[in-house]
Amino acid sequence: MDPNAYSEFHAFTTPAIAALSFDAATSRHIPFRARTRHRHATWARTHFSRPELYLQPRSIPELRLIVDLARKLGKHVVVVGSGHSPSDLTCSASWMVNLDEFHGVVAEEPESRVITVQAGMRLRDLIVELEARRWAMPNLGSITDQSIAGAIATSTHGSSLKHGILSESVVALTIMLANGKVVECSRERNVDLFCAALVSLGAIGIVVHVAFRAVAEYKVRWEQEVVKLPRFLKSYDSVWDESEFVRCWWFPYSERTIVWHGKKVEEEIQSPPESWYGASFGRYTYEALLYLAIWFPSTMPYVERFVFKMQYGLEEGVKGSAVENSHQALTMDCLFSQFVNEWSIPLHKGPEAITRLEHWLNGRSELSGIPISSAGIFVHAPIEVRVTDSSTSSNPRAYLDQSIADGPTLYLNATLYRPFLRNIPEWRRYYEAFEYLMKDLGGKPHWAKNFVTPTADDVWSMYPDMEKWVRIREKCDPTGVFVGDWLKRCILDGQEAKRAVAEEKAGEGDGGFVVVGDDGQEI
């Protein structure tokens, strides 16, 4: 073991932990890259935690050392990338593993455009690697700050009925289980594990390699149009099929939507129009106005209407177009700190969802069917509207894919900004009302977002494959190395989860699930 690494480790741990580390690593010279006093924060500064150890390994042997020690010492391990999720999913008081130093290219198959990368690689860096090969990602979410493992673990998606969630492009995963063994799973090998790990919530094991299928590089011509809400609802059924990529933003107080269409083209790059709040002056003006509205909530509609007018104008029609490389066209500026509460519902229920929420925000509770008062609630715009469709895919479906299994999916995203890191009044009551509506329409919350009312039992009722996922998780991690507080609260504290775990520990009903290693033997 590297003497410097050992002395650094020994300096801030107990003799017992140091002895375990030395015994596990002395013959392999494996460094243990850990530090104390790390303060973890989500990107939006919505949650904080102080892990006992913050570890940044650079190799599989280093990861194995961490997992072996955690298992022997009864520690929990939470893996974190950018922390872009605004929930406490990545928070931990135990051990936190960050894979930012584990970010290289492992292999590539030019004929099939499959690239295998270490799981800590950020999407933005993956895009650079793909561009060097004249490849691209087939679809993207709103940002590229996440690690590739973090993006697929939380069911990240873009907005297109031609595509499902991001993990549909994953060909294979290599995972380190709680026993320290590394296994590969794919569409042909360890298929049950693959379906569980495609949306793993970081609870199956540590994903170390991701094999991702890219497409040939492409450019997107996009345009955005101001459409009044009644016209948008009237054309709702056809708007999603007009282009490969479509997303919309509804601005309640302006009674308008922005409809964004993008299609693949072979044209010269054309720069996008200037954005009012994309520039520093507009951005800080918007944030300052939202901050003032915290103290004078009734001014919020006026602020939002002013900002919409400055950004887009009030007249209907096309308000900007561009031709950009795919990753530039499909991503967006998230501005500043925010709560994000996003749910999936069947696509055909969109007009009902928007109409009922519009009634509620305007004080017409009797028409909204939401039994929660909207008095004194003034929210931020926009409410984002996106779509996917995994129902026709031939790929194995992730057990915890929150999209609709038997048809196209609509995602409604109720964003609430936190101007200068300040929460707006009554944000929780707004989310309670929003979630009541989503549950009433058969919705599911996005795993990485700020849902507030669903219990573990609620979540179990939404996922028919949840029991299978929990049984696989228990088999892969019987001592709970990868069980954090969020996972216990949101899934494992449910009565059905407790029963499934108890049966698994009793050796009952594992459904024949096995994990096979490279030698063909069960692990």
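Just so it is clear, none of the values below were taken in a lab; they were calculated from the coordinates. Since the structure is predicted, the reported quantities are computational estimates derived from the model, not experimental observations. Here Cβ is always computed from backbone atoms with ideal geometry, including for glycine, and neighbour counts include all displayed protein chains.
Table for the structure above
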{"quantity": "Virtual paramagnetic centre 7 Å along Cα→Cβ of residue 335, amide N under 19 Å, in the stretch 432-462", "calculated": "450"}
{"quantity": "Residue-span extension gain [residue 503 to residue 465] - 0.36 nm each, minus C-alpha spacing", "calculated": "12.1 nm"}
{"quantity": "Length released on extending from residue 348 to residue 325, taking residue separation times 0.36 nm less the Cα-Cα span", "calculated": "5.1 nm"}
{"quantity": "Cα centroid of the stretch 371-409 to Cα centroid of the stretch 245-294, whole Å", "calculated": "21"}
{"quantity": "Rel. contact order, % - alpha carbon contacts under 8 angstrom, at least six apart, the stretch 219-453", "calculated": "25"}
{"quantity": "Cα pair distances of the stretch 385-523 binned at 10 Å [whole percent]", "calculated": "9, 32, 32, 20, 6, 1"}
{"quantity": "Positive dipole terminus of the chain, leading residue within 360, 47, 391 (C-beta point charges)", "calculated": "47"}
{"quantity": "Linear extension gain, residue 263 paired with residue 59, 0.36 nm per residue minus alpha-carbon span", "calculated": "69.4 nm"}
{"quantity": "Volume in Å³ per residue [convex hull over Cα atoms, computed for the stretch 56-191]", "calculated": "123"}
{"quantity": "Ratio of Rg to Rh over the chain (Cα coordinates, Kirkwood Rh, two decimals)", "calculated": "0.97"}
{"quantity": "FRET efficiency, residue 181 to residue 106 (Cβ-Cβ, R0 25 Å, nearest 0.05)", "calculated": "0.85"}
{"quantity": "Calculated [θ] (222 nm, deg cm²/dmol) that DSSP helices of n ≥ 4 give over the chain, each run adding -39,500 (n - 2.57)", "calculated": "-9000 deg cm²/dmol"}
{"quantity": "In the stretch 41-134, the chymotrypsin sites (Phe, Trp or Tyr not before Pro) that fall in loop regions by DSSP, at most 12 other Cβ within 10 Å", "calculated": "none"}
{"quantity": "Residue 280 paired with residue 292, simple spin-label distance in nm, labels 7 Å along Cα-to-beta-carbon", "calculated": "2.1"}
{"quantity": "As computed over the stretch 139-259, the Cα convex hull volume per residue (Å³)", "calculated": "140"}
{"quantity": "Normalised contact order of the chain, rounded percent, pairs of Cα under 8 Å and 6 or more residues apart", "calculated": "16"}
{"quantity": "Percentage, to the nearest whole number, of Cα pairs in the stretch 219-453 over 23 Å apart", "calculated": "51"}
{"quantity": "The stretch 157-205: GluC sites (Glu not before Pro) in DSSP coil with no more than 15 other Cβ atoms inside 10 Å", "calculated": "188"}
{"quantity": "Residue 50 versus residue 318: modelled label distance in nm, points set 7 Å from Cα along the beta carbon direction", "calculated": "5.6"}
{"quantity": "Theoretical FRET efficiency, 1/(1+(r/R0)^6), r = Cβ-Cβ of residue 73 and residue 129, R0 35 Å, to 0.05", "calculated": "0.45"}
{"quantity": "At most 11 other Cβ within 10 Å, DSSP loop - GluC sites (Glu not before Pro), the stretch 281-346", "calculated": "315"}
{"quantity": "Cα-based Rg / Dmax (Å) for the stretch 297-408", "calculated": "17.9, 50"}
{"quantity": "Reach of residue 505 by Cα under 28 Å, taken over lysines that are not fewer than 8 positions away in the same chain", "calculated": "72, 75, 181, 468, 475, 488"}
{"quantity": "Those lysines that a straight Cα-Cα span of less than 27 Å connects to residue 264, excepting residues fewer than 8 apart in one chain", "calculated": "162, 219, 228, 234, 319"}
